[in-house]
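Following: one structure in structure tokens, then a few remarks.
The values are calculated or read from the model by the stated rules, or taken from the named source; none is laboratory data. Predicted, not measured: the structure shown is a model, and the values here were computed from it. Cβ placement follows ideal geometry from the backbone for every residue including glycine, while neighbour counts extend to all protein chains displayed.
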Amino acid sequence: MKFIFTLAMKNLFRYKRRTIITAVAIAAGLMMYLLVDSLLLGVEQESERNLIWYETSSIRIHQTAYWPDRQLYPLEKAIKDPRKVINLLKENGWTATERTVFTADMILYSEDFGEDGNLGVLVTAIDPESDNNVFHFEDTLLEGRFLNKGETNGILIGSWFAEDIGAKIGYWITLLTRGNGGFYEAIDVQVVGIVNCPNPNVNRTLIMMDKDTAGTLLGMDGAVTEIDILLPSRADVDIEVTKIQAVLEAAGLSDLEARSWREMAKDYLAIAETKRGGTAIILFLVFIIAAVGISNTMLMAMYERTRELGMMRAMGMSDNHIRLAFLFEAGGIGFLGAIIGIILGALGNLYMVNIGFDLGFIMRNMDLGYRIQSIMRGAWSVKSFFIAFIAGVGLSMIVSLFPIRRALKIDIPACLRHQ
Amino acid sequence: MYKKLPLLLIIGVLLFALPSLLFALTADEIIGEMDRLSTFETTYSIGSIQTTDRFGTKTSQFKSWSQGKKDSLIEFTSKAERGQKILRTEGSLYLFYPDAEQLIRMQGAALRQSMLGSDISYEDMTEEKNTLDNYTAKLEREETFKGRECYVLTLTAKTRSVAYPIQKIWVDKQTYLVWKAEYSTAQGRLLKVMEVLDTFNSGNRVLPKQSKIEDKMKKNSSTLMTVDSFEANPKLDRSIFTLENLTW
Amino acid sequence: MMTKLSKIAFRNIFRNLRRSILSGAAIAVSAMSIVMLFGLLDGMEHDMANNLKSYYTGEVRIRNVEFEKHERYNPLHLGVDWKKIEPILADNNSVVTATPRINFPASMYLGDETHGVMGIGVDFEREKAFIDFASILQEGRVPQSGKNEMLIGFALARDMHLTPGDKVTLLSTTATRGTNAITMEIVGTAGFPVAGLNANTIWAPIDRVQYFLRMGDLTQEILVLLTDGTDEKIVATQIQDEIQAKLGEETETRSWQNINMMYSLFKIAKISYYFIAVFFFVLGSTVIINTTMMIIFERMREIGMLSALGMHGSELTKLFLLEGFFISMIGSAVGVIIGYVGTYYMGKVGLNFTEAFSGMDMEISSILYPETSLVKTVIIWAYAVIISTLATFIPSRRASKIQPVEALRYV
């Protein structure tokens, strides 16, 4: 057995050029499969991600009484000691940030806006330092700057919103609202930044300000209406919700409850409707092409060795041993190709997941009305890497069986004559 | 003789000041009288409310009954709202719509919605006439407003649950009618202004016939309330202030 | 000279059938996959466009010219007169049908419990060309005009524990800027292919909605369907002009591509998918190129032999080029034919995905119909042929330059 194995390995190195070409062909096919799979998964996850990164976060904590009345944004049903809760979560390994969301009337004056107007808005008051650990707004800044901690008059506004009302950096707006308890309060704020993120709903409606300023304005006494948590993408949300709930109860905070983004998703508009099943078919087609590529290459590589195989037969090696030797070799090439393919796929994936393809250049030339930032990102899938590897090695070996079988069947002289 | 001068002076001052001291009213007393004179055992009135906003002007007519400080019933008679009723009783507000098979109860934050798109919210309507429960009053000065001598008072909200943190009111010295009221935030930002444009007499009381409320935050937004007829202390069937009656 | 080379090329193909079939098969599979991929993408695009047009915009949408400016306040009094506009549309040859709709945000009351919903007043009869309510019903039946009945999204029904027979009260701001409330009976639940509609919407007969919201004969918008193949933008302008001429009224009449937000999202989804298609193309091409090149390398000895026998340079290149050309023509043709037939079949039968969709549980399974396109198929065929022919060009040129002695030594 060891002899056969060594023979196979030596053969691999003997025909370096052929080995490499074949392995590279296999690698290319696998890499393409991995990249397309990643892109498709990324597209699928896009709407989920848009929701989680910009609207719901992975898990949100409210006071229990808040949820049934959530459409009224009741400030009095707030989380009293958010610092304590956040530290508790941090100790247990969760990244969290606090926010207060409240309704207001946005009053526009003609000095800046050309005409007077007012409209009902939802204001999100954040902690500018920790918000970006959970949400992803820092990357979306289009103009101006992000909020500073304790910022007294600055607001961020979504780009479509800005376009709709004609807001520019530096414009002043008045927010008229009802504080905690019901008292009227008004604050003048200035647009310091405009964000453009892939989530159109956010772009259309977002107004952000500093939570300490909002807290003082609204008489919150340090309380906030929600705490948001971001989970790593591979986490099981429902399990984490249960865990968090348990931690909260153990700490005596039983009047707080945690909710997964799925539960909250219903309140947010579903954006682009993508057919999930369609992507499965696309992936299947990719797989077929990659499989054909691998098979083809392998078949040809093996057919070329018919003479050699004949030689081995002539020298008395048993059919089984020969089969095994070639299988090992095929497996070896497949292994090599798979490794290279996976490494290349991983590298490509790193780029696609973290940087992605900016489709903006295509869209700039189309009159879409609203500009939207659309970066196509990939997504990691350990399962796919696994499949790719097994397929690479497995397919190579299975496919090589055919030429081997044929070579073993025909008589030795014919084998030797093979060209 | 000279030793007696300080004493004479003191007595003189006291004699002059006494009448004023005797007759000067405190802010609380003014408010109390103001509230008292605007409260009746029962009332019945017919009036209209005219709203102006960005889209134009609209008028609605209504009939209104009230009982003491706490119960009131409004029924709309204008075409667009015919049959709609608003009942205030037991601290809550109930809306009746002819096409609805259930009463709609307005509570909490829902009360902040405006009635008929006007500058008056449901909350404004449920305002109880016990001003001193919610505000501390301070007499600022006296001023002549629309040819009438008025007390100008500043009311500061006692708790956060009061909608208007600061109110400045012009109260007629004679009739205790509130001619003008300015509603502001705690920082003094002007929110709304109410002004009485015309009055009428009922018995020995003077009541607003036409009042205008302007939302100072929104341009072109104002509401005009007009009382067309008024009856003080009519005989009322008390059951009209019940939920059962509302669904009739 | 060409015909002689062609004959040789042809014979070569058959001489080593295995090799030819291998190469041809790779090309065929790639071509087939690409054809099917595009069929799938076209089907998905069509599906998205359909949803957009059926549920949101129609192919042309008519609204009051002032509406957009005040859209945030949902100004119901800024409507259009259905009774006056409908005859104008009926006269227009490009119009198949039209339907009126009123969108109104409302609070839904069940006892003291209240929930914000989006109400839509529709003419259920006319809607059949847009939304076939009967076919998306999950429980109960379609509401009848003239009755206080409504249809509700299934996810909303489930969350509020409502079933057909239950009554709810809707409170909304009216066209006279007052408020009104009406009690309606839920007579059915529906499963929409657009997820958001399942969680938030209620659908009621438009005549009752007009009454409830004090709109008289006004409707908020009119959605229009045009005959196949007409240019929506042109017809939209046409309709706008006709209404202006006959009624003296200016309206906002736009084709669905000009109704900003929704169409932008649709476009973005399209671009994303075509980006993937490019990737796919590259993959397919890679396989083709790789296979063809491998074959050339495999035949180094043969090349050397031919060289030694006197065939040189461009002739040699041309020979292999021709071989590649013939194989790819046939292989590509086989591939696209299978792809076309396969897509056609799937298009008839439909691809049904009942797997649980991750995330939002307000989605329902639906059927995807891939679409065939003769034009695209032919283009793909041509592309595959060109790519593989080019793929033979480079290695065969290289091979032809090698000294015969070297080539003969190749094993």
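Things worth noting here:
- Scanning the stretch B:79-93 for residues that are touching a residue at least 40 places away in the same chain (Cβ under 8 Å) and either among the polar types (S, T, N, Q) or out of contact with any Leu (no Cβ under 9 Å at 6 or more places or on another chain) (or both) yields a single hit, B:THR89.
- Number of positions in the stretch C:1-36 that are farther than 25 Å from C:ASP228 by Cα and within 14 Å of chain A (Cβ to nearest Cβ): 21
- Enumeration of residues in the stretch A:148-182 that are under 30 Å from B:LYS219 (Cα atoms), in a loop (DSSP other than H, G, I, E, B) and more than 14 Å from chain B (Cβ to nearest Cβ): A:GLU151, A:GLY166, A:ALA167, A:LYS168, A:ILE169, A:GLY170, A:TYR171
- Only one entry of A:ALA325, A:ALA291, A:ALA280 meets the criterion of being at pLDDT below 80 and either in a helix (DSSP H, G or I) or within 9 Å of another protein chain (Cβ to nearest Cβ) (or both), and that entry is A:ALA280.
- Residues that are within 26 Å of the chain's Cα centre (by Cα) and either touching a residue at least 60 places away in the same chain (Cβ under 8 Å) or surrounded by fewer than 19 Cβ atoms within 10 Å (Cβ to Cβ) (or both) number at least 1 in the following helices (runs of 4 or more DSSP H) confined to the stretch A:1-105: A:16-51, A:82-91.
- Applying the set (1) under 28 Å from B:SER64 (Cα atoms); (2) free of Cβ contacts under 8 Å to residues at least 12 places away in the same chain to B:ARG141 leaves exactly one unmet item: (1).
- With a requirement of 1 or more residues that are hydrophobic (A, V, I, L, M, F, W, C) and under 27 Å from C:GLY178 (Cα atoms), the strands (runs of 3 or more DSSP E) lying completely within the stretch B:51-169 that satisfy it span B:56-67, B:71-76, B:85-89, B:92-96, B:104-106.
- Which listed residue, of C:LEU170, C:LEU137, C:LEU156, is more than 32 Å from the chain's Cα centre (by Cα) and not aromatic (Phe, Trp, Tyr): C:LEU170
- In the stretch C:5-32, the residue that is nearest to C:ILE379 (Cα to Cα) out of those that are free of Cβ contacts under 8 Å to residues at least 40 places away in the same chain and under 41 Å from the mean Cα position of the chain (by Cα) is C:ILE21.
- Some residue of the stretch C:284-300 being over 21 Å from C:LEU390 (Cβ atoms), small (Gly, Ala, Ser) and in contact with a helix residue (DSSP H, G or I) (Cβ under 9 Å, 6 or more places away or on another chain): no
- In the set (1) over 30 Å from C:ILE289 (Cβ atoms); (2) out of contact with any Lys or Arg (no Cβ under 6 Å at 6 or more places or on another chain); (3) modelled with pLDDT of 85 or more, C:GLU113 fails one condition alone, (3).
- Taken as a whole, the stretch A:149-158 holds at least one residue that is of a type in the set (A, V, I, L, M, F, W, C), in contact (Cβ under 8 Å) with a residue 24 or more places away in the chain and within 17 Å of A:LEU217 (Cα to Cα).
- Test: residue in the stretch B:225-248 that is part of a helix (DSSP H, G or I) and crowded, with 19+ Cβ neighbours inside 10 Å: yes
- No other residue among B:PHE76, B:PHE62, B:PHE55, B:PHE96 is free of Cβ contacts under 8 Å to residues at least 12 places away in the same chain, within 12 Å of chain C (Cβ to nearest Cβ) and either touching a Cys at 6+ places or on another chain (Cβ under 6 Å) or aromatic (Phe, Trp, Tyr) (or both) apart from B:PHE55.
- Qualifying residues in the stretch C:148-164 (those that are assigned to a strand (DSSP E or B) and within 14 Å of chain B (Cβ to nearest Cβ)) - the one surrounded by the fewest Cβ atoms within 10 Å (Cβ to Cβ): C:GLU149
- Within the stretch A:152-202, being polar (S, T, N, Q), crowded, with 20+ Cβ neighbours inside 10 Å and within 13 Å of A:VAL121 (Cα to Cα) holds for one residue alone: A:THR177.
- Test: C:ILE102 is buried (at least 16 other Cβ atoms within 10 Å of the Cβ) and of a type in the set (Val, Ile, Thr): yes
- Flag if C:SER20 is out of contact with any Phe, Trp or Tyr (no Cβ under 7 Å at 6 or more places or on another chain) and buried (at least 18 other Cβ atoms within 10 Å of the Cβ): yes
- Failed item in (1) hydrophobic (A, V, I, L, M, F, W, C); (2) within 30 Å of A:GLY331 (Cα to Cα); (3) facing chain C (nearest Cβ under 9 Å), with A:LEU30 passing the rest: (3)
- Residue in the stretch B:216-223 that is more than 14 Å from chain A (Cβ to nearest Cβ), out of contact with any Leu (no Cβ under 7 Å at 6 or more places or on another chain) and on the phi > 0 side of the Ramachandran plot present: no
- Among the residues of the stretch A:95-149, those identified as among the aromatic types (Phe, Trp, Tyr) and under 19 Å from A:ILE169 (Cβ atoms) are A:TYR109, A:PHE113, A:PHE137, A:PHE146.
- Per the conditions (1) farther than 30 Å from C:VAL336 by Cβ; (2) over 30 Å from the mean Cα position of the chain (by Cα); (3) in contact (Cβ under 8 Å) with a residue 24 or more places away in the chain, the sole criterion not satisfied by C:TRP256 is (2).
- So C:ILE234, is it at the interface with chain A (Cβ under 10 Å from one of its Cβ atoms), over 17 Å from the mean Cα position of the chain (by Cα) and over 30 Å from C:ALA384 (Cβ atoms): no
- Some residue of the stretch C:248-259 being under 30 Å from C:ASN92 (Cα atoms), touching a Lys or Arg at 6+ places or on another chain (Cβ under 6 Å) and in a helix (DSSP H, G or I): yes
- Within the stretch C:54-77, residues that are within 11 Å of chain A (Cβ to nearest Cβ) have Cβ atoms under 6 Å from residues that are aliphatic (A, V, I, L, M) in these pairs: C:TYR55/C:VAL194; C:ARG72/A:LEU119, counting only partners at least 6 apart in sequence or on another chain.
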